[in-house]
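Q: Mind having a look at this structure? Questions to follow.
The values are calculated or read from the model by the stated rules, or taken from the named source; none is laboratory data. Predicted model only: the values in this text are computed from it and were never measured. Here Cβ is always computed from backbone atoms with ideal geometry, including for glycine, and neighbour counts include all displayed protein chains. Note: areas computed on protein heavy atoms with side chains; ligands, DNA, RNA excluded. Shrake-Rupley method; radii C 1.70, N 1.55, O 1.52, S 1.80 Å.
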Amino acid sequence: MNTQRLTNIIVSPRISEKATTRADLDNQHVFSVLKDATKPEVKKAVELMFDVKVRSVRLMNVQGKLTRVGRTFGKRKDWKKAYVRLQEGFDINYGEEETTKWQ
């Protein structure tokens, strides 16, 4: 697989209450990925970008919501979500520092 393509597979991490709970309890992280991404591509992209070992990948197509502004209707973009489970002993740190207790 092309390294250039692998660096573009992951669009962004999905940070939500559910995603944080999954990361803490199941060692599973959630990402937005390209619509044409496959499981092997997502696995290699995560291993390349974060230097971790991936145990499994689950992909889900998310339908964009219908929106309305005044009398006009529109639709948000469809996108693909990836649930990536890491092997034991590996973790992804998104760049935030560990919080220390205030003195």
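Q: Determine which residues of the stretch 44-63 fall in the zone a paramagnetic label at Asp26 would reach in this model, i.e. backbone nitrogen under 14 Å from the point 7 Å along Cα→Cβ.
A: So the set is 55-60.
Q: Regarding the stretch 12-57, what are the three Cα extents along the principal axes, ordered largest first, in Å?
A: So the extents along the principal axes, rounded to whole Å, are 26, 22, 16.
Q: Taking 0.36 nm per residue of sequence separation and subtracting the Cα-Cα distance, how much length would be gained by fully extending the chain between Leu48 and Tyr94, in nm to one decimal?
A: Length gained between Leu48 and Tyr94: 15.1 nm.
Q: Write out the chymotrypsin sites (Phe, Trp or Tyr not before Pro) in the stretch 1-94 meeting two conditions: DSSP loop, and at most 15 other Cβ atoms within 10 Å of their Cβ.
A: Answer in residue order: Phe90, Tyr94.
Q: Considering only protein heavy atoms and a probe of 1.4 Å, how much of the accessible area of the chain is carbon and sulfur, as a whole percent?
A: About 49 percent, which is the carbon plus sulfur part of the accessible surface.
Q: Taking Cα atoms, how many degrees apart are the long axis of helix 39-50 and the longest axis of the chain, rounded to 10 and kept between 0 and 90?
A: 50
Q: Kindly express, to the nearest 10 degrees and within the range 0 to 90, the angle between helix 17-26's C-alpha long axis and the longest C-alpha principal axis of the chain.
A: The two axes meet at around 30 degrees.
Q: Sticking with this one: Which pairs in the list Lys44/Lys75; Lys44/Lys65; Lys39/Lys75; Lys39/Lys77; Lys53/Lys75 are over 25 Å apart, alpha-carbon to alpha-carbon?
A: With Cα atoms farther than 25 Å apart: Lys44/Lys75; Lys44/Lys65; Lys39/Lys75; Lys53/Lys75.
Q: What number comes out for accessible area per residue over the chain if the probe is 1.4 Å? Units Å², please.
A: About 78 Å² of surface per residue is accessible.
Q: Within the P(r) computed for the chain, what percentage of the Cα pairs occupies the region above 21 Å?
A: Everything past 21 Å amounts to 42 percent.
Q: Give the longest segment of the chain that steers clear of GluC sites (Glu not before Pro) in DSSP loops with at most 12 neighbouring Cβ atoms within 10 Å, not counting the sites themselves.
A: That gives 1-87 as the longest site-free run.
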